[in-house]
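**Student:** Pasting a structure here, questions to come.
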Amino acid sequence: MTSTPGAAGCPAHTSGGLLPLSATTMTREPEKVLQRLRQDWGSVAQVELEPGVPAWLVIGYREILTVARRENLYSRDARNWRLFQDGTVPPDSALGPMMFYRPNVIGADGAEHRRLRRPLDDGVAAIDQRRMRRAVEALCTRLVSRFVERGHAELVGEYATVIPSLALADLFGFDAGESDELVSSLRALFGSAEDALEGNRRFERLLRRVVQDRATAPADDLTTRLLQHPDLRDEEEVVQSMAILLSVSQEATSDWISQSLRVMLTDSRFVGRMRGGRLGVDDALDEVLWRTPPVSNVPARYALADTELAGRMIKKGDALILGVAGANQDPAVLGDGSAQEQGNRAHLAWSAGPHACPARTPARLIAHTAVKTVLHMLPDIRLTIPAEEIPLHFSPWMYGPKSLPVSFTPRS
Ligand code: HEM
């Protein structure tokens, strides 16, 4: 059976409507929604990004590998998106931040992508893991100390969302004042619409100042390593590389921490661990990457020619979203689900191909330390609402709780 975005054809949506992409993330049971989508469509489903804006959601494991690896057929450059070229998607669309072209590592293909990517890979490879672990432990301890006497906290807002940017600020060599400035500018940037522009200006001003400082006084930090990298042409490219690292890491890592804490606090296989039970923090981190990956739907690839994928006719200029949450439960590859056993990390939560996340090791270090520290410092921590009432944040791309209210015995 073949069809193209815009055409009807899904047996489950005979009323003409396609499933909105957000239906796969704004649900407490994403696995059920994705299973249904697979029954209706197979490995490549048609969904709607916005009313009137269809796209392909790739939920086959092998098909995601094909799309992510064949960049000469599936480009990362959104200027190839037909619905943007023909004005169906307006320039002020809410899809912009996740999908529109920007001249950076994310929007580039081929040689230009490798040029912008090498400094990130080399920078990550040069991280001193022991030093970073100590710094993240100190950071997490400091954050828990702020609410330890209170007896209650909200772990998403007060903890998980603050950790990724502060951990990276330390790698970049920011001092305490610069780190505070970073948190407040990012809060404005990701917060209310009125503050967002000013937040972005403050964020970029801060990065430029640090880059200029290191240009005259090099130090043993990631900023200096990026500045000295032969593939980055000028200070502006260093600033943009830092901005990408900070912005991409923020929500994904925060969701990974929050979801793993949720698992540790609510799933009976894990709850026992805090009192000597069976499964530990690394198992919870892996469970989340398999079942509810933080970036559940990875945006986007654009077909450079008419082609066929799992029986679907993909037209030149169509957008394809990598539905990694769906692919992680693909029975064609993963059989009965036993692949999700302890220790198996063959999931696609980091995506695949040349754009796959370059920061798995530091991201795991941050998330592991964050989860472990809070459980260690607050041994009798418990959720104050039933697990099924934990609110989710709204995003068609990301999956995670909006808040995690907890209580514990106050300590001085
Ligand atoms: C320290 C934290 C992190 C940093 C610095 C980081 C950095 C990055 C960067 C720079 C990219 C763009 C790579 C490129 O286009 O070549 C990227 C992509 C990505 N990252 Fe991460 N990331 C972090 C944490 C995470 C986490 C926790 C997840 C989820 C488990 C994640 C999943 C992804 C995915 C799915 C992509 C998209 C790959 C694609 O387009 O195919 N990242 N990350």
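**Student:** In terms of the Cα gyration tensor, with a ≥ b ≥ c the square roots of its eigenvalues, is region 105-244 rounded because a/c is under 1.5, prolate because a/b exceeds b/c, or oblate?
**Tutor:** Prolate.
**Student:** Over region 314-412, what is the relative contact order in whole percent, taking alpha-carbon pairs under 8 Å and six or more residues apart? Before the final figure, lay out each step's value.
**Tutor:** Details: 53 pairs, mean separation 17.5, N = 99.
So the answer I get is 18 percent.
**Student:** Roughly what percent of Cα-Cα pairs across the chain reach past 28 Å? Spell out each step's value before the answer.
**Tutor:** Numbers: 42071 of 84666 pairs.
The calculated P(r) of the chain puts 50 percent of pairs beyond 28 Å.
**Student:** Now for a separate question. Tell me which of 298, 238, 249 sits at the most positive position along the dipole axis of region 238-310, charges placed on C-beta atoms (Lys, Arg +1; Asp, Glu -1).
**Tutor:** The listed residue farthest towards the positive side: 249.
**Student:** State, to one decimal in nm, how far the label point of residue 313 lies from the label point of residue 197, with both points 7 Å from Cα in the Cβ direction.
**Tutor:** Reported label-point gap for residue 313 and residue 197 is 4.5 nm.
**Student:** Further, regarding this structure: Can you tell me the relative contact order of region 52-196? Whole percent, Cα pairs under 8 Å, sequence separation 6 or more. Mind showing how you got there, number by number?
**Tutor:** Working: 65 pairs, mean separation 19.9, N = 145.
Once divided by the residue count of region 52-196, the mean separation gives 14 percent.
**Student:** Just the accessible area per residue of region 211-287, please: how many Å² with a 1.4 Å probe?
**Tutor:** On the way: 3240 Å² over 77 residues.
Result: 42 Å² per residue.
**Student:** A further question follows. Which far-off residues, 5 or more places away or on another chain, put their amide H under 5 Å from the one on residue 50, with H placed in the peptide plane?
**Tutor:** Sorted by chain and number, the residues that satisfy this come to none at all.
**Student:** Setting aside same-chain residues fewer than 8 positions from residue 372, which lysines have a Cα under 30 Å from its Cα?
**Tutor:** Correct list for residue 372: 402.
**Student:** Quick query: amide H of residue 404 versus all other amide H atoms, modeled in the peptide plane; which residues come in under 5 Å with a sequence gap of 5 or more or a different chain?
**Tutor:** So residue 404 has HN proximity to 155, 156, 157.
**Student:** Based on the Cα gyration tensor of region 346-403, what are the three equivalent ellipsoid semi-axes, each the root of five times an eigenvalue, rounded to whole Å and given largest first?
**Tutor:** Values: eigenvalues 145, 73, 13 Å².
One finds semi-axes of 27, 19, 8 Å for region 346-403.
**Student:** With the full set of protein chains in place, find how many percent of the accessible area of region 171-311 is carbon and sulfur; take the probe as 1.4 Å.
**Tutor:** Values: 2960 of 6010 Å².
Taking all protein chains in place, region 171-311 shows 49 percent carbon and sulfur surface.
**Student:** Could I ask something else about it? Give me, ordered by chain and number, the residues 5 or more places off residue 44 or on other chains with an amide H under 5 Å from its own placed amide H.
**Tutor:** 59
**Student:** Return the Cα extents of region 115-158 along principal axes one, two and three, sorted largest first, each rounded to a whole Å.
**Tutor:** 49, 21, 8
**Student:** Also, quick follow-up: With a sphere of radius 9 Å drawn around the Cβ of residue 317, what net charge do the other residues whose Cβ falls strictly inside it have (Lys, Arg +1; Asp, Glu -1)? Walk me through the intermediate numbers first.
**Tutor:** Numbers: positive: 82, 315, 316; negative: 86, 318.
For residues surrounding residue 317, the net value is +1.
**Student:** Could you run the Karplus curve 6.51 cos²θ - 1.76 cosθ + 1.60 with θ = phi - 60° over region 239-244 and give me ³J(HN,Hα) per residue in whole Hz, x for Gly and Pro?
**Tutor:** Here the 3J(HN,Hα) series is 4, 5, 5, 5, 4, 5 Hz.
**Student:** Follow-up question, since we're still on this one. To the nearest 0.05, how large is the calculated FRET efficiency for residue 235 and residue 356 if R₀ is 25 Å and r is the Cβ-Cβ distance? Don't skip to the end; give the middle numbers.
**Tutor:** Working: r = 28 Å, r/R0 = 1.10.
For residue 235 and residue 356, the calculated efficiency is 0.35.
**Student:** What number comes out for the charge environment of residue 398, summing +1 per Lys or Arg and -1 per Asp or Glu over other residues with Cβ under 10 Å away?
**Tutor:** Numbers: positive: none; negative: 251, 255.
Summing Lys and Arg as +1 and Asp and Glu as -1 gives -2.
**Student:** Run the dipole for the chain about the Cα centre, Lys and Arg Cβ at +1, Asp and Glu Cβ at -1, nothing else charged, and hand back the magnitude in debye, nearest 20.
**Tutor:** On the way: 48 positive and 52 negative charges, 150 e Å.
With Lys and Arg at +1 and Asp and Glu at -1, about 720 debye.
**Student:** Nearest 500 deg cm²/dmol is fine: what mean residue ellipticity at 222 nm does the chain get from its DSSP H runs of n ≥ 4 alone, each adding -39,500 (n - 2.57), divided by its residue count?
**Tutor:** Working: 16 runs with 192 residues, N = 412.
Calculated from helices alone, the mean residue ellipticity at 222 nm is -14500 deg cm²/dmol.
**Student:** Compute the Cα gyration tensor for region 76-175, then decide on rounded, prolate or oblate, letting a ≥ b ≥ c be the square roots of its eigenvalues: rounded whenever a/c is under 1.5, prolate when a/b is larger than b/c in the other cases, and oblate in all that remain. Intermediate values should be presented prior to the final figure.
**Tutor:** Numbers: a/c = 4.85, a/b = 1.63, b/c = 2.97.
Oblate shape, in that a/c is at least 1.5 and b/c is the bigger or equal ratio.
**Student:** In whole Hz, with x marking every Gly and Pro, tabulate ³J(HN,Hα) for region 127-141 from phi via Karplus 6.51 cos²θ - 1.76 cosθ + 1.60, θ = phi - 60°.
**Tutor:** Karplus-based 3J(HN,Hα) across region 127-141 equals 5, 7, 4, 5, 5, 5, 4, 4, 5, 5, 4, 5, 4, 5, 4 Hz.
**Student:** Can you give the Rg and Dmax of region 253-412 based on its C-alpha atoms, in angstrom?
**Tutor:** Over region 253-412's Cα set, Rg and Dmax evaluate to 18.1, 65 Å.
**Student:** So, by mean Cβ neighbours within 10 angstrom, what's the order for 17-27, 82-92 with the highest one leading? It would help to have the intermediate numbers written out before the result.
**Tutor:** Details: 17-27: 19.1, 82-92: 14.0.
My ranking of the peptides, most packed first, is 17-27, 82-92.
**Student:** Mind ordering 120-129, 219-228 by average Cβ neighbours within 10 Å, highest first? Don't skip to the end; give the middle numbers.
**Tutor:** Details: 120-129: 14.9, 219-228: 18.7.
Listed from highest to lowest mean packing, they are 219-228, 120-129.
**Student:** Under a point spin-label approximation (7 Å from Cα along Cα-to-Cβ), what is the residue 100-residue 346 distance to one decimal in nm?
**Tutor:** 4.1 nm
**Student:** How much length is gained on full extension from residue 403 to residue 268, taking 0.36 nm per residue of separation minus their Cα-Cα distance? It would help to have the intermediate numbers written out before the result.
**Tutor:** Values: separation 135, 0.36 × 135 = 48.60 nm, distance 2.05 nm.
In short, 46.6 nm is gained.
**Student:** Taking 8 Å as the Cα distance limit and 6 or more residues as the minimum spacing, I'd like the relative contact order of the chain as a percentage.
**Tutor:** Details: 659 pairs, mean separation 108.5, N = 412.
Across the chain, relative contact order equals 26 percent.
The values are calculated or read from the model by the stated rules, or taken from the named source; none is laboratory data. Here the structure is a predicted model, which means the values were calculated and not measured. Cβ sites come from the backbone with ideal geometry, for glycine too, and all protein chains shown count toward neighbours. In case anyone asks, the SASA skips ligands and DNA or RNA and just uses the protein heavy atoms, side chains included. Shrake-Rupley method; radii C 1.70, N 1.55, O 1.52, S 1.80 Å.
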